[in-house]
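K.L.:
I'd like to ask some things about the structure below.
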Amino acid sequence: MEDLYREIIIDRYKNPQYRGHLDPHDISFEDDNPLCGDHIEVTLRVDAEGRVSEARFDGKGCAISQASADLLIESIIGKSLEEVKKMTKQDLLDLLGIELGPVRLKCALLSLKVLKAGVYGLGEASDELVE
């Protein structure tokens, strides 16, 4: 089963479905992983009911960080901002479906950290957002 998830990660890295930038957008945030140089930017459009109507990510980095961002962005479309705020590290790891070591875990969680910092309207992202 883990091989299937690895194939999904490689496919999402090579052929991301949600890469891009929304302009105009309602929410935007970007940050880096200083350990490895991964970079993620997330832009969202939110409808009148407070639901994510469109979302995109852009950035550069390893397969895990980029695939994680693509899977995460897909999963939040249609969710309320309150639902997005409640997303956990485990929610994202479930999307990835594979075990990750500590270094790769930071790569995978960068997109969630960026997303939550943007949704909360923070000036700076913190690892505490994905605990």
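The values are calculated or read from the model by the stated rules, or taken from the named source; none is laboratory data. Nothing here was measured: the structure is a model prediction, and the numbers come from that model. Please note: Cβ atoms are built from the backbone with ideal geometry, for glycine as well, and neighbour counts cover all protein chains shown.
K.L.:
Scan the stretch 73-88 and give yes if some residue there is of a type in the set (Gly, Ala, Ser) and closer than 17 Å to residue 39 by Cβ, otherwise no.
P.N.:
No - not one qualifying residue is present in the stretch 73-88.
K.L.:
For the condition within 18 Å of residue 128 (Cα to Cα), surrounded by 20 or more Cβ atoms within 10 Å (Cβ to Cβ) and modelled with pLDDT of 95 or more, what is the one hit in 86, 106, 113?
P.N.:
The match here is 113.
K.L.:
Residue 27: more than 16 Å from residue 60 (Cβ to Cβ), surrounded by fewer than 15 Cβ atoms within 10 Å (Cβ to Cβ) and either in contact (Cβ under 8 Å) with a residue 24 or more places away in the chain or not hydrophobic (A, V, I, L, M, F, W, C) (or both), yes or no?
P.N.:
no
K.L.:
While we're on this one: Can you pull out the residues in the stretch 92-124 that are out of contact with any strand residue (DSSP E or B) (no Cβ under 7 Å at 6 or more places or on another chain), more than 15 Å from residue 67 (Cα to Cα) and of a type in the set (A, V, I, L, M)?
P.N.:
Hits for the stretch 92-124 are 103, 122.
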